[in-house]
Amino acid sequence: MRLLVHFHVYYPEQLPYFLKRLRRIHGVDWDLYVTGREEAMPAIRRLKPDARFLRVENVGYDIWPFIAVLKAVNLAEYDYILKLHTKNKAPKFIQLNGIYLPRYRWRNLLVTALLGSKKRFSRALEKASQGLACQDLLHKRLSRKAPTDNAMLRDEAARIGLALKGGSFCAGTMFIARAEPFRFLQDAPLDAAHFQSVAGTHLSGTPAHVYERILSLVVTSAGYRIAPIVTHPLASAWKHLLV
């Protein structure tokens, strides 16, 4: 079994947090592709000497770098993909699915579900056999009102020839998934220019936010499913009472 890991580093001060968790990958052959801040590579290569750095244009947050990696590799060589990225401290009162996610809690929830321990990594990998696995609290239904979930999404899916199936996505775009559905994006008409947008972490309505949805929907459109990983049972139960 082979795993492609993409790690986008925009905030290098978070390296110790992520390096500790990358050590929990086990039981698979894995390649690590890094984008973002090249100065992070010496520390990363102390953990993974064969880690490769791919220089990409700094647009589209973590989304375009991920697609650029997909386009640069032979995806047929991999069974699964693990997508990770540093994440800015959230505003004090950010809320998603009725759950408050201040400061680094959003990042920590996403990463812990995948790499909270070696046991959790194994569990996430098993879940990903269904298609795509991500943290349950960050598994979000498409909105009936947001343009990124409706008109913008439909227009972009039509442009790249993706027949949309599925009504939810993994907010925050950290997940482990089967590699095969992502071959679709390797040939899609996408480049860095498509992701040019104003700067900002929590803005909505950009091409990157549309692709936050498409990265999940490309899996469900291929006939697979999203398998949420529950790490906080009581909070997850509360989330499902809200929808």
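The values are calculated or read from the model by the stated rules, or taken from the named source; none is laboratory data. Here the structure is a predicted model, which is why all the values come from computation and not from measurement. Cβ atoms come from the backbone with ideal geometry, glycine included; neighbour counts cover every protein chain shown.
In table form, for the structure just shown:
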{"item": "Some residue of the stretch 43-55 being touching a Phe, Trp or Tyr at 6+ places or on another chain (Cβ under 7 Å) and over 14 Å from Ala179 (Cα atoms)", "result": "yes"}
{"item": "Residue match in the stretch 173-185 (condition: more than 20 Å from Leu3 (Cα to Cα), outside any helix (DSSP H, G or I) and modelled with pLDDT of 95 or more)", "result": "no"}
{"item": "Candidate set from the stretch 144-162 (those that are modelled with pLDDT under 95 and not in a helix (DSSP H, G or I)); member that is surrounded by the most Cβ atoms within 10 Å (Cβ to Cβ)", "result": "Ala146"}
{"item": "Tally of residues being within 25 Å of Lys119 (Cβ to Cβ) and either under 14 Å from the mean Cα position of the chain (by Cα) or of a type in the set (Val, Ile, Thr) (or both) across the stretch 1-37", "result": "6"}
{"item": "Number of the condition not met by Arg120 [criteria: (1) in a helix (DSSP H, G or I); (2) within 21 Å of Gly223 (Cα to Cα); (3) in contact with a helix residue (DSSP H, G or I) (Cβ under 8 Å, 6 or more places away or on another chain)]", "result": "(2)"}
{"item": "Selection within the stretch 1-45 - part of a helix (DSSP H, G or I) and closer than 15 Å to Tyr78 by Cα", "result": "none"}
{"item": "Selection within the stretch 69-86 - among the aliphatic types (A, V, I, L, M) and either over 26 Å from Pro16 (Cβ atoms) or without any contact (Cβ under 8 Å) to a residue 60 or more places away in the chain (or both)", "result": "Leu70, Ala72, Val73, Leu75, Ala76"}
{"item": "Neighbours by Cβ (under 7 Å, 6+ apart or cross-chain): first from the stretch 44-63, in contact (Cβ under 8 Å) with a residue 60 or more places away in the chain; second aromatic (Phe, Trp, Tyr)", "result": "Val56/Trp64; Val59/Phe195; Gly60/Phe195; Ile63/Phe195; Ile63/Tyr211"}
{"item": "Test: residue in the stretch 91-100 that is among the hydrophobic types (A, V, I, L, M, F, W, C), farther than 14 Å from Pro228 by Cβ and modelled with pLDDT of 95 or more", "result": "no"}
{"item": "Residue in the stretch 131-143 that is farther than 15 Å from Lys83 by Cα, in a helix (DSSP H, G or I) and in contact with a strand residue (DSSP E or B) (Cβ under 7 Å, 6 or more places away or on another chain) present", "result": "yes"}
